[in-house]
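Participant: Below: one structure in structure tokens.
The values are calculated or read from the model by the stated rules, or taken from the named source; none is laboratory data. The structure presented is a predicted model; accordingly, all values stated were derived computationally and were not measured. Neighbour counts run over all protein chains shown; Cβ positions are idealised from the backbone, glycine included. Accessible surface is based on the protein model in full, side chains and every heavy atom, while ligands, DNA and RNA are left aside. Shrake-Rupley method; radii C 1.70, N 1.55, O 1.52, S 1.80 Å.
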Amino acid sequence: MERIPISGPWITQKEIDYVTDAVTNAWYANANVYNERFEKAFSEYIGVQFAISLPSCTSAIHLSLLSVGVGAGDEVIVPDLTWIASSAPISYVGATPVFADVDEKTWCLSAQSFEQLISLKTKAVIPVDLYGGMPDMDSICEIARRHGIAVIEDVAEAIGSEYRNRKAGSFGDTGVFSFHGSKTLVTGEGGMLVTNREDVYRRSLFLRDHGRNPGDKMFWNAEVAYKYKMTSMQAALGLAQLERINELVERKRQIFNWYQSELGSIERITLNYEAPDTKNTYWMVTVVLDEKFGVKKDTLMSLMLERGIECRPFFHALSSIPAYQKLEQAEQAQQRNKSAYKISPYGLNLPCGMNMTEEKVAYVCEVFKSALGFA
Ligand SMILES: Cc1ncc(COP(=O)(O)O)c(C=O)c1O
């Protein structure tokens with residue numbers, strides 16, 4: 001068997017044609033055509049009013065925080081189990097991240113832990129749709145509304161996921177997406193900020209173009225700000241992928257189903273959870289082992305790699321990584337976030353690129369089972 005990578009996209013002639021057209025024609029008067037088409041189609045797909053194409057999801061989170069008014073001295077609540085991109089922009093704006101525990105089933109922000117951590121300084125919460133799953137958005141939005149806290153939905157990993165028949169990204173003050181090459185919809189690097197709030201939309205457009213108003217022809221900067229733009233070649237690739245989004249999401253679900261039929265009946269192994277009334281798009285097929293196996297994620301990753309299979313560790317709790325050890329409350333989070341610390345050491349992402357076949361999934365599962373001492 002050849003080496004099996006962890007993740008990667010599904011590119012067809014359509015994507016090649018759109019990008020070729022963009023690099024040939026999207027200049028001069030047509031410079032923004034693909035960005036405008038991508039943004040319009042994207043906002044319609046998610047079911048929101050406004051969308052802004054950006055160079056990354058990290059920049060979308062940064063702009064979201066600034067546009068909803070988070071700044072120095074504020075606190076922002078974020079789940080302990082996520083990629084650092086969810087929390088790093090909190091520091092960019094001079095605010096402090098507060099790490100909440102996750103729900104043991106969904107692996108996403110626990111509404112209860114979120115509510116317990118609210119203080120007078122809390123200005124925003126960033127629920128994350130981890131690996132394509134979704135948290136209890138009804139409770140999170142209700143708590144946030146009651147306390148006057150902005151919701152920035154981190155949908156980097158969950159394009160197409162749904163909660164009570166509404167698309168992920170349509171619940172918060174903003175929704176933010178990633179199109180990194182490992183994601184379900186790719187533009188190489190790239191991101192999108194969506195919102196129904198016109199004030200947030202206008203402020204984000206202003207801040208992402210060096211503090212000048214859209215359409216400004218005098219190069220007149222009212223504030224020192226940022227340069228966050230997506231190229232038209234990336235937008236063309238994103239548009240082509242978006243026109244195939246149902247096919248892309250179904251492929252992800254198919255890959256998960258293959259894994260589930262191979263591993264789903266093994267006791268003491270938990271796969272991604274699809275909560276009632278939600279649609280999980282399974283960006284990363286993930287297994288969490290019962291600690292009684294006595295095997296941690298790093299050992300299992302090495303065993304898999306020996307057989308040519310690339311895996312990824314479940315995200316480490318943010319409160320445990322060196323980047324946050326100077327943060328006063330990191331230690332409290334380590335004591336408090338029982339579920340995060342129970343799950344993370346025993347979790348592994350399995351290969352789930354768009355090029356996976358049923359045969360490759362069977363091979364990965366065979367190696368996985370033998371690493372655990374089955375079969
Ligand atoms: C949960 C989460 N948030 C944010 C990001 C940031 O996305 P980007 O790499 O496009 O900045 C990622 C990227 O992998 C992510 O997984």
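Participant: Would you point out which residue out of 281, 270, 299 is over 17 Å from residue 371 (Cα atoms) and either of a type outside the set (Lys, Arg) or open to solvent by less than 50 Å² (accessible area, probe 1.4 Å) (or both)?
Facilitator: Exactly one residue qualifies, and that residue is 281.
Participant: Conditions first: (1) among the aliphatic types (A, V, I, L, M); (2) in a helix (DSSP H, G or I); (3) open to solvent by less than 50 Å² (accessible area, probe 1.4 Å). Residue 305 passes all but one, so which condition is the exception?
Facilitator: Condition (3) is where residue 305 drops out.
Residues checked against (1) out of contact with any Gly (no Cβ under 8 Å at 6 or more places or on another chain); (2) within 15 Å of the ligand (Cβ to nearest atom); (3) closer than 22 Å to residue 40 by Cβ; (4) assigned to a loop (DSSP other than H, G, I, E, B):
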residue: 119; (1), (2), (3), (4): yes, no, no, yes
residue: 123; (1), (2), (3), (4): no, no, no, no
residue: 140; (1), (2), (3), (4): yes, no, no, no
residue: 145; (1), (2), (3), (4): yes, no, no, no
residue: 153; (1), (2), (3), (4): no, yes, yes, no
residue: 156; (1), (2), (3), (4): no, yes, yes, yes
residue: 172; (1), (2), (3), (4): yes, yes, yes, yes
residue: 177; (1), (2), (3), (4): no, yes, yes, no
residue: 184; (1), (2), (3), (4): no, yes, yes, yes
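Participant: Would you be able to say whether some residue in segment 26-36 is acidic (Asp, Glu), without any contact (Cβ under 8 Å) to a residue 40 or more places away in the chain, farther than 22 Å from residue 129 by Cβ and away from the ligand (no atom under 16 Å from the Cβ)?
Facilitator: Yes, segment 26-36 has at least one match.
Participant: Within 16 Å of the ligand (Cβ to nearest atom), closer than 24 Å to residue 190 by Cβ, part of a helix (DSSP H, G or I) and open to solvent by 10 Å² or more (accessible area, probe 1.4 Å) - does that describe any residue in segment 72-85?
Facilitator: yes
Participant: Same structure, new question: Applying the selection to segment 20-35, what residues are on the phi < 0 side of the Ramachandran plot and either surrounded by fewer than 16 Cβ atoms within 10 Å (Cβ to Cβ) or under 20 Å from the mean Cα position of the chain (by Cα) (or both)?
Facilitator: 20, 23, 24, 25, 27, 29, 30, 31, 32
Participant: Please go through segment 125-138 and give me each residue that is aliphatic (A, V, I, L, M), in contact with a Leu (Cβ under 9 Å, 6 or more places away or on another chain) and within 13 Å of the ligand (Cβ to nearest atom), ordered by number.
Facilitator: Listed by number, the residues that qualify are 126, 128, 130.
Participant: Residues to consider are 286, 299; find the one that is closer than 18 Å to residue 360 by Cβ and among the polar types (S, T, N, Q).
Facilitator: The conditions single out 286.
Participant: I'd like the residue in segment 186-201 that is over 14 Å from residue 65 (Cα atoms) and surrounded by fewer than 24 Cβ atoms within 10 Å (Cβ to Cβ) and, out of all such residues, is farthest from the ligand (Cβ to nearest atom).
Facilitator: So the residue we want is 198.
Participant: Continuing with the same structure: It is to be established whether one or more residues within segment 261-269 are part of a helix (DSSP H, G or I), of a type outside the set (Asp, Glu) and either at pLDDT 95 or above or touching a strand residue (DSSP E or B) at 6+ places or on another chain (Cβ under 7 Å) (or both).
Facilitator: The answer is yes, given that some residue of segment 261-269 is part of a helix (DSSP H, G or I), of a type outside the set (Asp, Glu) and either at pLDDT 95 or above or touching a strand residue (DSSP E or B) at 6+ places or on another chain (Cβ under 7 Å) (or both).
Participant: Next question. Considering segment 202-213 alone, what residues qualify as being open to solvent by less than 80 Å² (accessible area, probe 1.4 Å), more than 20 Å from residue 239 (Cβ to Cβ) and either modelled with pLDDT under 95 or assigned to a loop (DSSP other than H, G, I, E, B) (or both)?
Facilitator: 211, 212
Listed here are the residues, each with its yes/no results for (1) open to solvent by 40 Å² or more (accessible area, probe 1.4 Å); (2) in a helix (DSSP H, G or I); (3) at pLDDT 95 or above.
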| residue | (1), (2), (3) |
| --- | --- |
| 1 | yes, no, no |
| 16 | yes, yes, yes |
| 52 | no, no, yes |
| 65 | no, yes, yes |
| 70 | no, no, yes |
| 89 | no, yes, yes |
| 97 | no, no, yes |
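Participant: While we're looking at this one, here's another question. Out of segment 18-50, which residues are among the aromatic types (Phe, Trp, Tyr), outside any helix (DSSP H, G or I) and in contact with a Phe, Trp or Tyr (Cβ under 8 Å, 6 or more places away or on another chain)?
Facilitator: Matches in segment 18-50: 50 only.
Participant: Something else about it: Within segment 102-113, track down each residue that is surrounded by 24 or more Cβ atoms within 10 Å (Cβ to Cβ) and touching a helix residue (DSSP H, G or I) at 6+ places or on another chain (Cβ under 6 Å).
Facilitator: Selection gives 102, 107, 108.
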